[in-house]
1. Report, by residue number, each residue of the stretch 3-48 that is under 15 Å from the mean Cα position of the chain (by Cα) and under 21 Å from Trp108 (Cα atoms).
2. Which one of Ala101, Ala54, Ala105, Ala63 is without any contact (Cβ under 8 Å) to a residue 24 or more places away in the chain, part of a helix (DSSP H, G or I) and of a type in the set (A, V, I, L, M, F, W, C)?
3. Could you list all residues from the stretch 19-51 that are in a strand (DSSP E or B), touching a residue at least 60 places away in the same chain (Cβ under 8 Å) and farther than 20 Å from Arg99 by Cβ?
4. Going residue by residue through the stretch 76-91, is there one that turns out to be at pLDDT 95 or above, outside any loop (DSSP other than H, G, I, E, B) and over 17 Å from Thr32 (Cα atoms)?
5. I need a count of the residues in the stretch 60-82 that are crowded, with 20+ Cβ neighbours inside 10 Å and more than 13 Å from the chain's Cα centre (by Cα).
6. Restricting attention to the stretch 29-59, report how many residues are surrounded by 14 or more Cβ atoms within 10 Å (Cβ to Cβ) and among the acidic types (Asp, Glu).
7. How many residues does the stretch 10-28 contain that are acidic (Asp, Glu) and buried (at least 18 other Cβ atoms within 10 Å of the Cβ)?
8. Of all residues in the stretch 66-75, how many are in a loop (DSSP other than H, G, I, E, B) and without any contact (Cβ under 8 Å) to a residue 40 or more places away in the chain?
Amino acid sequence: MISLTRAAIDSQALLDRVTVPAAGAVVLFLGTVRELTGDRRTLALDYEGYPEMAEKKLLELEAEARRRWPLCEVALVHRLGRLELTEASVAVAVSSPHRGAAFEAGRWLIDTLKEVVPIWKQEHWADGTTEWVHPGMNGDPNAGHAERESFRASAGGAP
C-alpha cells in the first residue's frame, strides 16, 4: 500500500494494516519534522511532489522490497503540504515472519525513498529564509530546485 496525503499520518492505522497472522515482526519508521538541522532552527516544512511520478516510484520500491525480502505487508505514506515541528512527514511500515527481514526492508525502503522519490521539502528557517531540499541532490539545493522545476514543467505546472 502506498499513499501521498495532506492529512496527518495515522501510525496506528498503518500498524493495523501491516499486522497479519503470518508476521512475527512489524517495523514502523516515522520521519518527523525536527527543530534543528545542523545549527539552523527550522520553523516548519512544506513538502511538494509530482504525485503521478512519486506514486509510481513508491510502487516500484514496494515491489523491489517484496522481491528482496519475505515480506507479509508493506505500507509507504508521505505527507505533502505544510508540516509543523514533530509532525510525521513519512512512514514506512513492514511486516515479515522474522525481525531481520523487517528491519532490513524498512531501512532500505526509507533510505531509497528519500533518494529517488520526487518529493521535495522547503525548509522554513527561524532567520526568515527558506531552502528547497531533495536528499538525492547531494546537498546542492540549486540542483534540487532545478529538478523540482523540471518536474513541475513536465507536469504542466503541477503541483
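The values are calculated or read from the model by the stated rules, or taken from the named source; none is laboratory data. Quantities reported herein were computed from a predicted structural model and do not represent experimental measurements. When we count neighbours, we look across all protein chains shown, and the Cβ atoms used for this are built from the backbone with ideal geometry, even at glycine.
1. Ser3, Leu4, Ile9, Ser11, Leu14, Leu28, Phe29, Leu30, Gly31, Thr32, Val33
2. Details: Ala101 fails: without any contact (Cβ under 8 Å) to a residue 24 or more places away in the chain; Ala54 fails: without any contact (Cβ under 8 Å) to a residue 24 or more places away in the chain; Ala105 fails: without any contact (Cβ under 8 Å) to a residue 24 or more places away in the chain.
Of Ala101, Ala54, Ala105, Ala63, the one residue that is without any contact (Cβ under 8 Å) to a residue 24 or more places away in the chain, part of a helix (DSSP H, G or I) and of a type in the set (A, V, I, L, M, F, W, C) is Ala63.
3. First, pick out the residues of the stretch 19-51 that are in a strand (DSSP E or B): 25-32, 36-37, 40-49.
Next cut, touching a residue at least 60 places away in the same chain (Cβ under 8 Å) only: 25-31, 37, 40-49.
Listed by number, the residues that qualify are Gly31, Thr37, Arg40, Arg41, Thr42, Leu43, Ala44, Leu45, Asp46, Tyr47, Glu48, Gly49.
4. Taking the stretch 76-91 as the starting set, the residues that turn out to be at pLDDT 95 or above are 76-91.
Filter again for outside any loop (DSSP other than H, G, I, E, B), leaving 76-79, 81-84, 88-91.
Narrowing the set further to residues that are over 17 Å from Thr32 (Cα atoms) leaves none.
No: the stretch 76-91 contains no residue that is at pLDDT 95 or above, outside any loop (DSSP other than H, G, I, E, B) and over 17 Å from Thr32 (Cα atoms).
5. Going through the stretch 60-82 one residue at a time, the tally reaches 5.
6. So the answer is 3.
7. So in the stretch 10-28, the residues acidic (Asp, Glu) come out as 10, 16.
This time we only want the ones that are buried (at least 18 other Cβ atoms within 10 Å of the Cβ), so: none.
Here the count works out to 0.
8. Residues of the stretch 66-75 in a loop (DSSP other than H, G, I, E, B): 69-72.
So of that shortlist, the ones also without any contact (Cβ under 8 Å) to a residue 40 or more places away in the chain come out as 69-71.
Summing the residues that are in a loop (DSSP other than H, G, I, E, B) and without any contact (Cβ under 8 Å) to a residue 40 or more places away in the chain in the stretch 66-75 gives 3.
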